[in-house]
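Participant: I'd like to ask some things about the structure below.
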Amino acid sequence: MKLISLAVLPTLALLAGCATTTPPQELVSARSAYNRASQGPANSVKPADVHEAQNALNKAEQSFLDNGDTPTTKDLAYVAQRKAELAEILAQGEQANQNAQLTSAEIEKRRDAELARTKGALNAQNQTIQLQGKELEQEKARREEAEKRASQAAADLARIASVKQETRGMVITLSGEVLFKSNENSLLPGAQAKLSQVADALTKTDPDSKIVVQGHTDSQGQAAYNNTLSEKRAGAVRDYLVSHGIAADRITSQGFGPSQPIADNNSAEGRANNRRVEIVVQPPSRRAGN
Amino acid sequence: MNRLILAASAGALLATACASYPKPTDRLISSQASLRGAEEAGAPAHPQASLHMKLAQEEVNKAKALIDDGENERADYMLMRAKADADIALALARTNKSLAVQQQVQEKAANSP
């Protein structure tokens, strides 16, 4: 009996010695898995899971210290290894989630900025369109008003003088007999009343239109004299119109003498027609872009 | 007589020691639940997760056999392995999805103005 005991003891001691010096492969793997997890991002991203892996590893180490390389030690080591791996996998997932969230927020931010830019541009465009619309309406109203006044002026003038629409504009023709005594350039009293009416009507024309007073004579007498006379008469009419409300910068005067007859100078009637003052209302030059 | 009592009590002690380790029913249920969770999370579609599911399933089967043999304690530890593997499978499946979403969002960001 004693002999057997003696023989068994060294074997047991040997077994125990082996167990304490050589850890099972499972424990070796668990240690390296835990080291990897605790030194990697898992340690900061999933600290609770790393801690759990540490506890599991401690249990396995304790089992190894107490009992050696037993199936239980191997099981505990296996579980510890898996828990360390789990911490790393969970950390990887968490990081992916965080990255996705950050990137989504970035996309959202960019989209908002883009939207704000588009909205701003659209608002500016709308404002421009509204402004243009207003300007167009004002311009249209202004033109309609000007046309109304012009046709009113034309109707008024038609009652007091001969009015014709020509390519050079509206031409108001006043007979020389009505305005001046023969060879004189001061206006007759009756002419003044008539010119007052003309001035009245002209104030209703488009203020942008220019007015030219043109003096004409018949062919009798010297051309130079006639030229001067027609020039002076046109000037007298112009001055009168200016003193009756026509802006001075709108209206000019010219003398043509006998150079532009409208009737035969051989008859008395023709000559009477040629002695005349024409007031030409030129339409405003077309605006750029219209 | 004394010897008989000693032997009997020693035998009884041994018997209670064996019988005292309860059947690991709770851990069996929890391991199987984790396995189902992993399956529902799409672990079978992911090679690494699928491997851990297989390991967990094998470990559950081993544990069941151990329970049948009355080795409740060994079965309990085997079920710890099963649970650990099933948890890994579930985590891999979820992380895989997170990585896919991350990639999708990053591609979207690369294409957004």
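Participant: So, of the residues in segment A:105-125 that are open to solvent by 50 Å² or more (accessible area, probe 1.4 Å) and facing chain B (nearest Cβ under 9 Å), which turns out to be farthest from the chain's Cα centre (by Cα)?
Facilitator: A:Glu106
Participant: OK, next. On the given criteria, is A:Ala193 in the same structural domain as A:Val277 (by TED's automatic domain parsing) and of a type in the set (A, V, I, L, M, F, W, C)?
Facilitator: yes
Participant: Under the condition of being open to solvent by less than 50 Å² (accessible area, probe 1.4 Å) and in a strand (DSSP E or B), which residue from segment A:254-290 is nearest to A:Asn226 (Cα to Cα)?
Facilitator: Per the criteria, the residue is A:Gly255.
Participant: I need the full set of residues from segment B:21-34 which are among the hydrophobic types (A, V, I, L, M, F, W, C) and either loosely packed, with under 15 Cβ neighbours inside 10 Å or modelled with pLDDT under 95 (or both), in order please.
Facilitator: B:Ile29, B:Ala33
Participant: Listed residues A:Leu102, A:Leu131; which is open to solvent by 90 Å² or more (accessible area, probe 1.4 Å), out of contact with any helix residue (DSSP H, G or I) (no Cβ under 7 Å at 6 or more places or on another chain), over 30 Å from A:Arg238 (Cα atoms) and more than 14 Å from chain B (Cβ to nearest Cβ)?
Facilitator: A:Leu131
Participant: Among the numbered criteria (1) more than 8 Å from chain A (Cβ to nearest Cβ); (2) surrounded by fewer than 21 Cβ atoms within 10 Å (Cβ to Cβ); (3) under 30 Å from A:Glu108 (Cβ atoms), which single criterion is violated by B:Lys108?
Facilitator: The single condition B:Lys108 does not satisfy is (1).
Participant: Looking at A:Ala56, A:Ala96, A:Ala80, which one is within 12 Å of chain B (Cβ to nearest Cβ) and closer than 30 Å to B:Gln104 by Cβ?
Facilitator: Of the residues listed, the single one that is within 12 Å of chain B (Cβ to nearest Cβ) and closer than 30 Å to B:Gln104 by Cβ is A:Ala96.
Participant: Next question. Residue by residue through segment B:84-96, note down the ones that are open to solvent by 60 Å² or more (accessible area, probe 1.4 Å) and either of a type in the set (S, T, N, Q) or more than 8 Å from chain A (Cβ to nearest Cβ) (or both).
Facilitator: B:Asn96
Participant: While we're on this one: In the list A:Arg238, A:Arg276, which residue meets the criterion of being modelled with pLDDT of 90 or more, under 20 Å from A:Ser182 (Cβ atoms) and either of a type in the set (Lys, Arg) or not assigned by TED's automatic domain parsing to the domain that holds A:Val178 (or both)?
Facilitator: So the residue among A:Arg238, A:Arg276 that is modelled with pLDDT of 90 or more, under 20 Å from A:Ser182 (Cβ atoms) and either of a type in the set (Lys, Arg) or not assigned by TED's automatic domain parsing to the domain that holds A:Val178 (or both) is A:Arg276.
Participant: Go through segment B:45-78 and count every residue that is of a type outside the set (Asp, Glu), under 30 Å from B:Ala100 (Cβ atoms) and open to solvent by 70 Å² or more (accessible area, probe 1.4 Å).
Facilitator: Looking only at that region, the number is 6.
Participant: Looking only at residues that are of a type outside the set (Val, Ile, Thr) and at the interface with chain B (Cβ under 7 Å from one of its Cβ atoms) in segment A:83-93, which one is least open to solvent (accessible area, probe 1.4 Å)? Give the derivation first.
Facilitator: First, pick out the residues of segment A:83-93 that are of a type outside the set (Val, Ile, Thr): A:83-88, A:90-93.
Cutting the leftovers down to at the interface with chain B (Cβ under 7 Å from one of its Cβ atoms) gives us A:83, A:85-86, A:90, A:92-93.
Details: A:Lys83: 59, A:Glu85: 37, A:Leu86: 31, A:Leu90: 51, A:Gln92: 88, A:Gly93: 5 Å².
Filtering first and then ranking leaves A:Gly93.
The rows are residues; the columns are (1) more than 60 Å from the chain's Cα centre (by Cα); (2) at positive phi; (3) touching a residue at least 12 places away in the same chain (Cβ under 8 Å); (4) part of a loop (DSSP other than H, G, I, E, B).
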{"site": "A:Gln165", "(1), (2), (3), (4)": "no, no, no, no"}
{"site": "A:Val171", "(1), (2), (3), (4)": "no, no, yes, no"}
{"site": "A:Glu184", "(1), (2), (3), (4)": "yes, no, no, yes"}
{"site": "A:Leu195", "(1), (2), (3), (4)": "no, no, yes, no"}
{"site": "A:Ala201", "(1), (2), (3), (4)": "no, no, yes, no"}
{"site": "A:Pro207", "(1), (2), (3), (4)": "no, no, yes, yes"}
{"site": "A:Val213", "(1), (2), (3), (4)": "no, no, yes, no"}
{"site": "A:Ser219", "(1), (2), (3), (4)": "yes, no, yes, yes"}
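Participant: For segment A:230-251, what are the residues that are in contact with a strand residue (DSSP E or B) (Cβ under 8 Å, 6 or more places away or on another chain) and not charged (D, E, K, R)?
Facilitator: A:Ser230, A:Ala234, A:Gly235, A:Ala236, A:Val237, A:Tyr240, A:Leu241, A:Val242, A:Ile246, A:Ile251
Participant: Another one. Could you run through segment B:46-90 and say how many residues are assigned to a helix (DSSP H, G or I) and in contact (Cβ under 8 Å) with a residue 40 or more places away in the chain?
Facilitator: Count: 16.
Participant: Sticking with this structure for a sec: Return yes or no: is B:Asp69 of a type outside the set (A, V, I, L, M, F, W, C) and more than 9 Å from every other protein chain (Cβ to nearest Cβ)?
Facilitator: Working: of a type outside the set (A, V, I, L, M, F, W, C): yes; more than 9 Å from every other protein chain (Cβ to nearest Cβ): yes.
Answer is yes for this residue.
The values are calculated or read from the model by the stated rules, or taken from the named source; none is laboratory data. Model, not experiment: these values are computed from the prediction. In this analysis, Cβ positions are derived from the backbone assuming ideal geometry, glycine residues included, and neighbour counts consider all displayed protein chains. Ligands, DNA and RNA are excluded from the accessible area calculation, which covers all protein heavy atoms including side chains. Shrake-Rupley method; radii C 1.70, N 1.55, O 1.52, S 1.80 Å.
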